[in-house]
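Notes follow once the structure below has been shown.
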Amino acid sequence: MTFDRDVFRERLTEYLDDRLSAEDAQAFLAWLERHPDLWKEAESARRAWALLGHYRDEPVPEGFSDRVLARVAAGRADHGGAAATRPAWRVLPGGRRRAVAVAAAVVLALGAGVLWGRRSGPTDATPTGPDALAALDAVPATLLDRLDADSLVQLASLSDEEFDLLLAGDTPSLSGEGG
Amino acid sequence: MADPDQRLMERFQNGDDSAFEVLVHKFQAPVLSLCRRYLGSKSPGIEDVAQEVFLRIYRSKHTYEPKAKVGTWIYRITVNTCLNEIRRLGADKNRRVAGFSAVFGDAGGEGEGSAVLSDPGATTPAHGLEEREVEGRVRAAVDALPEQQRLAVVLTRYHELPYEDAAAAMGTTVPAIKSLLTRAREHLRRGLSPYVDGDAGEPSGSSSAGRSDDDDL
C-alpha cells in the first residue's frame, strides 16, 4: 500500500476520527512506520486532535426548554386567531417588542404633529422633531432615522425576521426601496 | 418506522405538540452546543439563536421527510440559523481575527513555543499548565478556524456525526468534509503548536509512537 501526501493526510484524518476499518487502520499504521517523517506529522496531528477534548461543553441554561416552549406558545397565539380574547397589543405580529415600537412610533408621529401645529403660524417654523425625539428614548435609534407616516403601516406589516433585521440596522429602509 | 425520533416527528407533524416538547428536551443540549461552538464560544446571544432554531423547527415541521434522520434535519436547521446569525451580525471576520490573536498572541505562531511537551507520549499538556488555560487556548483555536472548517470539526468531533451526516447537515459532500477536516487539523496543529510540537519520537522508539493500537498513533 502506498500513499501520496494528500492521500496520507486524508487517511490520517479518517484514522484519527476512527473512521477506518480495523484492517485499513493496521495497514495505515504499518505504512506509517516506514515513513518516520510522516510519523512525526501524524503524532503532532494526533496531539492536536486530542487537545480538542479540552474544549468542554457548557450545561444547558436552566429553564431553556421552558423559554423555548413559551416562545412557541406565544407564536401560536400571535397566529392563532386569539385576538378576540387578548388585548390588541399582545397579538400584534412580532409580539410585545413590536407593540412597544409601534406604539412609540405612533407617539413619535403624534409628537411631530403637535410640534407642527404649535410651530406653524406666522413664523411658519418647520417641525424639526428633536424635541419630540428627546422624549422617546424607548424607540430604537435605528427606527428614529427611518420613521415617517407611511412607515407605520409598513412597520406593522413586517415579518418577525424583517423586524429583527430592522432593529439590527440591517434593513436599508422601511419602504424597501433600498435607500 | 423504527427510529424513535422519526416517530416523534410523525406525531409532531400530526399536531401532537407534546412530541415537540420531547424533541426540545432531547435536542436542546446538542443544539446549544452546536450554536456555541459554531458561532464562537464568546459570542453573545447564543441562547437566542438556539431558541430561534427550535422556533424554525416548529414552523417548518412539515418540511421534514422521514427519509432523513431527525437529528441531521435539526442540525441542518441549526447550521442555517447560525449562518444567518453570522451574516446578520457580520461578526464572523472580526471574531476570527480576535480568535487568531488569542491563539497566537505575542508568541508567534510556530515552532519556538516555550511550552513544548517534554514527554512525547503525553496526550495532554504538562509543565503545570492550568487546565483552564489549555481549554482557553483550545477554544480560541477552534474559534479561529475558518467557518466551514470549524463547522466540520464541531459536527464530526464534538457531535460525532458520521461524515455522511455532517455533509448532509452542511449541504456538502463527504470528500469536502474530509478536506475541511484535514485543513482544520493543520490549522489547529499550528495554532496549538506549543502543546503539540514536542519531539514526537520515532516509530522504533519507546514513546507512544511505538504503539500501534487503534487508540494511538
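The values are calculated or read from the model by the stated rules, or taken from the named source; none is laboratory data. Predicted model only: the values in this text are computed from it and were never measured. Note: ideal-geometry Cβ built from the backbone for every residue, glycine included; neighbour counts use all protein chains shown.
Restricted to segment B:127-144, and to residues there that are within 9 Å of another protein chain (Cβ to nearest Cβ) and basic (Lys, Arg), the residue that is nearest to the chain's Cα centre (by Cα) is B:139. The set of residues in segment A:11-52 being more than 7 Å from chain B (Cβ to nearest Cβ) and under 15 Å from residue B:190 (Cβ atoms) consists of A:41 alone. Residue under question is residue B:204, and the condition is that it be surrounded by fewer than 23 Cβ atoms within 10 Å (Cβ to Cβ), within 9 Å of another protein chain (Cβ to nearest Cβ) and modelled with pLDDT under 50; does it hold? Spelling it out, residue B:204 is indeed surrounded by fewer than 23 Cβ atoms within 10 Å (Cβ to Cβ), within 9 Å of another protein chain (Cβ to nearest Cβ) and modelled with pLDDT under 50. Filtered by the rule that a residue be over 22 Å from residue B:138 (Cβ atoms) and among the basic types (Lys, Arg), segment A:20-54 gives a lone residue, A:34. Among the residues of segment B:36-72, which ones are within 11 Å of chain A (Cβ to nearest Cβ), over 18 Å from residue A:70 (Cα atoms) and in a helix (DSSP H, G or I)? Within segment B:36-72, B:36, B:37 qualify.
Of everything in segment B:1-28, what is of a type in the set (A, V, I, L, M) and more than 23 Å from residue A:57 (Cα to Cα)? Give them in sequence order. Can you show your working first?
Looking only at segment B:1-28, we keep the residues that are of a type in the set (A, V, I, L, M), and these are B:1-2, B:8-9, B:19, B:22-24.
B:1, B:2, B:8, B:9, B:19, listed by residue number.
The residues of segment A:1-10 that are more than 8 Å from chain B (Cβ to nearest Cβ) and surrounded by 14 or more Cβ atoms within 10 Å (Cβ to Cβ), listed by number, are A:3, A:8.
Within segment B:145-177, being over 14 Å from the mean Cα position of the chain (by Cα) and in a helix (DSSP H, G or I) holds for B:164, B:168, B:174, B:175, B:176. Residues of segment A:20-41 include none that is assigned to a helix (DSSP H, G or I), at pLDDT 90 or above and under 30 Å from residue B:27 (Cβ atoms).
Quick check on residue B:27: is it outside the structural domain of residue B:142 (by TED's automatic domain parsing), in a helix (DSSP H, G or I) and over 30 Å from residue B:147 (Cα atoms)? Break it down into steps so the answer makes sense when it comes.
Working: outside the structural domain of residue B:142 (by TED's automatic domain parsing): yes; in a helix (DSSP H, G or I): yes; over 30 Å from residue B:147 (Cα atoms): no.
No; evaluated as a whole, the condition is false for this residue.
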